[in-house]
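Heads up, the thing below is written out as structure tokens.
The values are calculated or read from the model by the stated rules, or taken from the named source; none is laboratory data. None of these values were measured; they are calculated from a predicted model. Neighbour counts run over all protein chains shown; Cβ positions are idealised from the backbone, glycine included.
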Amino acid sequence: MTCYTAQLSVPATLEIISNASPEHHVVDGDANEVNLLQGPDFAKPNPLLNLEVQKMVDAIMALAPRYSSMKSALKDYVLSDKPLIQIASEHSYTPPALTYWARKLGLPERPRGRPLLLEPTEDHKRIIALVRQHGIAETAQREGVSKQWVSQIVKRWAPELKRKRIGRKIVPLPRRMRRPARKIVVSFRLSAAEWQLLLSSLPSANKENLSGSEKARAILLKYLESTGGDGGEGTQAPEAGKPTSAELVLVNVYNQKAA
């Protein structure tokens, strides 16, 4: 009995698709691997993308199949607003590696620094509310920050408050009674015993820890108040040009000494 066996051949079209499929992944670093040239029409045109972005996607998809993970990372780099460090972490790469491939393919570089704020944060809103009520200086004092930082927040998010002054309620204070100017200096001598008596005296119950000069002054003022101050029968000031009795005695004494 004769058996005939027929060998089934793989269709040419299936073989080409399996070899040229973009999902085919080869381990990086294989020295025996043969790099396959890729056709220009791997990425299907997306009508939602503009021409420049579509060209960048085509350049990314033209990479060899072994860079499939890098292709996904670069597509996120071009088509999403994710931070560079987040894209690198999701695809197990480092940010410098993504930057290298982006420059190699001519992709636009991501701007450095923090993303631009499009609306004020919660802290900014709280500070602006305090500025509306208390002003810049008092808000900075309440928050424990500098007036320059508060002014920058107001200038950026609420410029209408920059020149506005908060109306403050002015409470008039009672005018302090001014005593007459004291320009005359009184000086006299005391013995040691008299000085000790002065230091041990208490001229006023409301004032303590007074020096000797302050006690002498308090005693003198108290005496003047009792004789010619509040409600007391004080002596009238002598008219100008008329010497007092004390001055006459002094003059007589001097005249006698001179004679």
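All of (1) closer than 22 Å to V53 by Cα; (2) in contact with a helix residue (DSSP H, G or I) (Cβ under 9 Å, 6 or more places away or on another chain) hold for D81 with one exception: (2).
Go through segment 155-194 and give me each residue that's part of a helix (DSSP H, G or I) and not basic (K, R). Across segment 155-194, the qualifying residues are W157, P159, E160, L161, A192, A193, E194. Here L197 meets each of (1) surrounded by 12 or more Cβ atoms within 10 Å (Cβ to Cβ); (2) part of a helix (DSSP H, G or I); (3) not charged (D, E, K, R) with one exception, condition (1).
Residues in segment 136-186 that are of a type in the set (V, I, T), exposed (fewer than 10 other Cβ atoms within 10 Å of the Cβ) and touching a residue at least 12 places away in the same chain (Cβ under 8 Å): V186 only. With respect to the conditions (1) over 28 Å from I60 (Cα atoms); (2) assigned to a helix (DSSP H, G or I); (3) more than 20 Å from the chain's Cα centre (by Cα), Q152 lacks only one, and its number is (3).
Please verify whether K44 is at pLDDT 75 or above and exposed (fewer than 14 other Cβ atoms within 10 Å of the Cβ), treating the condition exactly as stated. Against the criterion (at pLDDT 75 or above and exposed (fewer than 14 other Cβ atoms within 10 Å of the Cβ)), K44 does not qualify. Take segment 202-219 and flag every residue that is without any contact (Cβ under 8 Å) to a residue 12 or more places away in the chain and within 54 Å of the chain's Cα centre (by Cα). Listed by number, the residues that qualify are A205, N206, K207, E208, N209, L210, S211, S213, E214.
Condition check: free of Cβ contacts under 8 Å to residues at least 40 places away in the same chain, outside the structural domain of R156 (by TED's automatic domain parsing), surrounded by 14 or more Cβ atoms within 10 Å (Cβ to Cβ) and of a type in the set (D, E). Does D58 satisfy that? Spelling it out, D58 is indeed free of Cβ contacts under 8 Å to residues at least 40 places away in the same chain, outside the structural domain of R156 (by TED's automatic domain parsing), surrounded by 14 or more Cβ atoms within 10 Å (Cβ to Cβ) and of a type in the set (D, E). Looking at segment 49-69, is at least one residue on the phi < 0 side of the Ramachandran plot and at pLDDT below 50? No, that holds for no residue.
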